[in-house]
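S.K.: Mind having a look at this structure? Questions to follow.
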Amino acid sequence: MDAYDLAYYRHHGHVTVHGVFEAADMDAAIRDIEQWGETFLAELPPEKRAWFIDGGVSARTVLRKLDNPHFHRDAFRKLARDPKLVQLVESMIGPGVSVYFSQIFFKAPEGGGPKPAHQDNYYFGPTDIEGVVTAWIALDDATLENGCLYFGDGTNQGPVYDHIAPESEPYNLQIPAAVLDKQPMQPAPVRKGGVSFHHGNTFHQSGPNHSRRWRRACALHFVRNDVEFATPALPYDHSLKLRITATPEQVAA
Ligand SMILES: O=C(O)CCC(=O)C(=O)O
């Protein structure tokens, strides 16, 4: 695993750490989501299709995302508890952490859709904006061609902006153009097994996948144990929160 620079993370609001996981771990995780995705698609009720299906891929039906792998799948609980990952997370937000929410982001070859620019802290409405960090695990190489993440450097030090959503995509809350137009966004390619971390306030987005290769990732949204999603913009099931570590005081309580 690469050494990483905490000061860089604090200043820029994101940092990439290469080689946190082995390629074989990522391959096993991909096999798991392929299996899960198949069952999920087969059981998906019509009223939920727009939320989960990628509208950019017309030739076939593919998933855009799956929610809460940390709760539903052993393979992802194991990734969330990985000591190297947890040490990095605790260095950023402090000791005693949980996964509050998690997502698999699929981006299918030849058409997987973009994710508009947003701030996770708008979605989550945490009681402490410094207490949230997302660990975005690259299950495949994420490149400029297949839709890697882009970040707004230093936006972690600015406010959480009100977001808007197109009527047809209530799940795609996004930063209004008037704000985003003033903010340069820098690409952050990550090799398979690397982890891109971003602060809850950091602007981020991803482009479409025009390549012939998948771009799949697992975002684990970590919070310090004393932080709640107090004013979330979308509904989250608080009972799915998974405690990963606890401070001595939290163990004794
Ligand atoms: O993977 C993507 O395209 C979006 C990721 C994202 O929005 C997140 O990790 O918070």
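The values are calculated or read from the model by the stated rules, or taken from the named source; none is laboratory data. Quantities reported herein were computed from a predicted structural model and do not represent experimental measurements. Heads up, the Cβs are rebuilt from the backbone with ideal geometry, glycines too, and the neighbour counts pull from every protein chain shown. Note: accessible area is taken over every heavy atom of the protein model, side chains too, but ligands, DNA and RNA are not part of it. Shrake-Rupley method; radii C 1.70, N 1.55, O 1.52, S 1.80 Å.
S.K.: How do ARG216, ARG60, ARG73 stack up against each other in accessible area, from largest to smallest, with a 1.4 angstrom probe?
M.R.: ARG60, ARG73, ARG216
S.K.: Which of VAL89, VAL179, VAL160 moves the most in a Gaussian network model of the chain with Cα springs under 10 Å?
M.R.: VAL179
S.K.: Counting Lys +1, Arg +1, Asp -1, Glu -1, what net charge surrounds TYR171 among other residues with beta carbon under 11 Å of its beta carbon?
M.R.: That sum, taken over residues with Cβ under 11 Å, equals +2.
S.K.: So, one more: Between their Cα atoms, which of LYS48/LYS78; LYS84/LYS241; LYS182/LYS241; LYS84/LYS182; LYS48/LYS241 are more than 32 Å away from each other?
M.R.: LYS182/LYS241; LYS84/LYS182
S.K.: Extension gain TYR171-ASP74, at 0.36 nm per residue separation less the Cα-Cα distance, in nm? Could you put the intermediate results ahead of the total?
M.R.: Values: separation 97, 0.36 × 97 = 34.92 nm, distance 2.63 nm.
Result: 32.3 nm gained on full extension.
S.K.: Compute the length gained on full extension between ARG212 and GLU249: take 0.36 nm times their separation in residues and subtract their Cα-Cα distance, giving the result in nm to one decimal.
M.R.: Contour length minus Cα-Cα distance gives 8.3 nm.
S.K.: Hey, what D do you get for the stretch 136-215 in µm²/s if you plug the Kirkwood alpha-carbon radius into Stokes-Einstein at 25 °C and 0.890 mPa s?
M.R.: Using the Kirkwood radius from Cα pairs, D works out to 178 µm²/s.
S.K.: Less than 12 Å from a label point 7 Å out along the Cα-to-Cβ axis of ALA42: which backbone N atoms in the stretch 78-111 qualify, by residue?
M.R.: Label zone hits: none.
S.K.: Just want the answer: with Cβ charges of +1 for Lys and Arg and -1 for Asp and Glu, which residue in PHE71, THR61, HIS198 is farthest toward the dipole's positive end in the stretch 6-252?
M.R.: The residue sitting most towards the positive pole is THR61.
S.K.: Oh, and also: Please give the charge dipole size of the chain, origin at the Cα centre, charges +1 on K and R Cβ atoms and -1 on D and E Cβ atoms. Round to the nearest 20 debye.
M.R.: Once rounded to the nearest 20, the dipole reads 400 debye.
S.K.: If you build a Gaussian network model of the chain, linking Cα atoms that sit under 10 Å apart, which residue out of GLN186, GLN205, GLN174 swings the most?
M.R.: GLN186
S.K.: Let me check the size of the stretch 15-155 from its C-alpha atoms; what are the radius of gyration and Dmax in Å?
M.R.: 15.9, 47
S.K.: To the nearest Å, what is the center-to-center distance of the stretch 187-253 and the stretch 22-76, using C-alpha atoms only?
M.R.: If you average the Cα positions of each part, the centres end up 17 Å apart.
S.K.: Rank these residues by their accessible area, most exposed first, probe 1.4 Å: ASP54, ASP237.
M.R.: Highest to lowest solvent-accessible surface, that is ASP237, ASP54.
S.K.: I'd like the carbon and sulfur percentage of the solvent accessible area for the stretch 6-252, probe radius 1.4 Å, heavy atoms only, ligands and nucleic acids excluded. List each step's numbers first, then the result.
M.R.: Working: 5880 of 10990 Å².
Answer for the stretch 6-252 is 54 percent, counting heavy atoms of protein chains only.
S.K.: Here is a follow-up. Please compute the Kirkwood hydrodynamic radius over the stretch 6-252, one decimal place, Å, based on all pairs of different Cα atoms.
M.R.: With all distinct Cα pairs of the stretch 6-252 included, I get 18.2 Å.
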